[in-house]
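Asker: After the structure tokens below, expect a handful of questions from me.
The values are calculated or read from the model by the stated rules, or taken from the named source; none is laboratory data. Just so it is clear, the structure is predicted and the values come from calculations on it, not from any experiment. Here Cβ is always computed from backbone atoms with ideal geometry, including for glycine, and neighbour counts include all displayed protein chains. For the accessible areas, the whole protein counts, side chains as well, though only heavy atoms, and no ligand, DNA or RNA atoms are used. Shrake-Rupley method; radii C 1.70, N 1.55, O 1.52, S 1.80 Å.
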Amino acid sequence: MTPPSTGPRLRESLQGIPSYKPGRPAPVATGRTMYKLSSNENPFPPLPELEEAVRASVHVMNRYPDLACGRLVGALSERLDVPVNHFAPGTGSVALLYHLLQAVCEPGDEVVYAWRSFEAYPIAAQAAGANRIQVPLTADARHDLDAMAAAITDRTRAVIVCTPNNPTGPTVSHRELAEFVDRVPSDVLIVIDEAYLQFIRDPQAADGLALYREHPNVCVLRTFSKAYCLANFRVGFAIAHDSVAEALRACTPPFAVSTLAEEAALAALACENLLLEQVEVLVKERFRVVDSLRAAGLRIPATEANFFWVPAGAETDDFAQACEDAGVVVRAFPGDGCRVSIGEPAANDIVLEVGTRWAASHPG
């Protein structure tokens, strides 16, 4: 007798795996503009140079892209003074993280990371069959590197450091990260996620590339999604020494980066000065908004990204709703706080109004 069908058996390690929750889009509202500040997107429209690069490459959509993403890797190699074989391109830095953990983790291994940090980290770890070791942030929303070092065991295969930290904003100093790297066993992969690198203005901030040059177990992740205005094209890259880079390329699906995405990234590098001028505008807006909200009484941690953190605790959903009622959608992490992206000045002004009222009604 044929047993009743129960469907295919799935990996037990996926039981209870969290799902990624993207920032909600701004709803359509009659008679007013709604702003999306929930996904840390670059609010500037694409530069004409980027649009032209994409249009010029549309005619090859019937052909597979370059497997090695050779032109982009070559340009990055020259610009960053990194050997070509130390690069692994992929569909954004988050996809590369998934593949990295697949490359280093066996079932039952451990991945250590700060929490709260990027919400994809626990998903990527569990998808790789690893146990998630979450180390609480400090009271000022920073990585507790001492506690992270203490959490490493003989089952640890990777440690992730997000700097600036998403969603709270603080960066890790180079001195403290260098000391941390020295404490991590040489057979444990250290992943330094630098998705928001171009927004950093702190001269003491960590330099992941310098640490990669000194330590074979350091891997740096970067992306074109934020500062380079290419979030929709999903282009990122990892920099690591030979064995890690080779394993990562082996775990990355073939033809991951499309020709259109590669051409857009090349165009972004060619007009980087214009894109970094936009970044400077966003950084100035960050200072304006954060300084004003702190003056109003909100306790906002230091931020070196294109977003800031409002630690609203149990009232997180209420703060997010107040923002949406006023015209902006922010990213709420229930029970912890809200991450608010820096967007158009008009959107930032709305956040200032809401935050100022909130601070007045929630003193202390």
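Asker: Which ones in the stretch 187-204 are more than 17 Å from the chain's Cα centre (by Cα) and charged (D, E, K, R)?
Answerer: If the condition is that a residue be more than 17 Å from the chain's Cα centre (by Cα) and charged (D, E, K, R), then D187, R201, D202 are the ones that fit.
Asker: Quick check on the stretch 284-326: of everything there that is aromatic (F, W, Y) and within 16 Å of H362 (Cβ to Cβ), which residue is most open to solvent (accessible area, probe 1.4 Å)?
Answerer: Once the filter is applied, the top-ranked residue is W309.
Asker: If I ask for residues that are open to solvent by less than 60 Å² (accessible area, probe 1.4 Å) and of a type in the set (V, I, T), which ones from the stretch 269-283 would you list?
Answerer: The answer is V279, V283.
Asker: Now a separate question. Identify all residues within the stretch 101-117 that are open to solvent by less than 30 Å² (accessible area, probe 1.4 Å) and either of a type in the set (F, W, Y) or closer than 16 Å to K21 by Cβ (or both); write none if there are none.
Answerer: Those that are open to solvent by less than 30 Å² (accessible area, probe 1.4 Å) and either of a type in the set (F, W, Y) or closer than 16 Å to K21 by Cβ (or both): Y113, S117.
Asker: Let me ask another. Can you name the condition, by its number, that N85 falls short on among (1) in a helix (DSSP H, G or I); (2) surrounded by fewer than 20 Cβ atoms within 10 Å (Cβ to Cβ); (3) within 20 Å of the chain's Cα centre (by Cα)?
Answerer: (3)
Asker: Name every residue in the stretch 170-186 that is more than 23 Å from the chain's Cα centre (by Cα) and not in a helix (DSSP H, G or I), in order of residue number.
Answerer: Across the stretch 170-186, the qualifying residues are P185, S186.
Asker: I would also like to ask the following. Please determine whether any residue of the stretch 93-100 is open to solvent by 20 Å² or more (accessible area, probe 1.4 Å), in a helix (DSSP H, G or I) and among the aromatic types (F, W, Y).
Answerer: Yes, the stretch 93-100 has at least one match.
Asker: What do you reckon, is R63 part of a loop (DSSP other than H, G, I, E, B), under 29 Å from A256 (Cβ atoms) and either of a type in the set (A, V, I, L, M, F, W, C) or open to solvent by 20 Å² or more (accessible area, probe 1.4 Å) (or both)?
Answerer: Yes.
Asker: Quick one: is D81 touching a Ser or Thr at 6+ places or on another chain (Cβ under 8 Å), without any contact (Cβ under 8 Å) to a residue 60 or more places away in the chain and not aliphatic (A, V, I, L, M)?
Answerer: So D81 fails the test.
Asker: Test each condition in (1) open to solvent by 70 Å² or more (accessible area, probe 1.4 Å); (2) modelled with pLDDT under 95; (3) part of a helix (DSSP H, G or I) for V28 and report the one that comes out false.
Answerer: So the condition that V28 fails would be (3).
Asker: Here's another thing I want to ask about it. Please go through the stretch 211-257 and pick out each residue that is closer than 21 Å to A270 by Cα, surrounded by fewer than 21 Cβ atoms within 10 Å (Cβ to Cβ) and of a type in the set (S, T, N, Q).
Answerer: N232
Asker: Do you know which residues across the stretch 336-360 are farther than 15 Å from T168 by Cβ and either in contact with a His (Cβ under 9 Å, 6 or more places away or on another chain) or among the β-branched types (V, I, T) (or both)?
Answerer: Those that are farther than 15 Å from T168 by Cβ and either in contact with a His (Cβ under 9 Å, 6 or more places away or on another chain) or among the β-branched types (V, I, T) (or both): I350, V351, V354, T356.
Asker: Next question, about the same structure. Looking only at residues in the stretch 303-336 that are among the charged types (D, E, K, R) and part of a helix (DSSP H, G or I), which one is farthest from A347 (Cα to Cα)?
Answerer: E315
Asker: Is there any pair linking a residue in the stretch 205-225 that is without any contact (Cβ under 8 Å) to a residue 60 or more places away in the chain to one that is open to solvent by 10 Å² or more (accessible area, probe 1.4 Å) and of a type in the set (S, T, N, Q), with Cβ under 9 Å and at least six apart or on different chains, and which?
Answerer: Short answer, once both residue conditions are applied: A206/T171; A206/S173; H215/S186; P216/S186; P216/S243; N217/S186.
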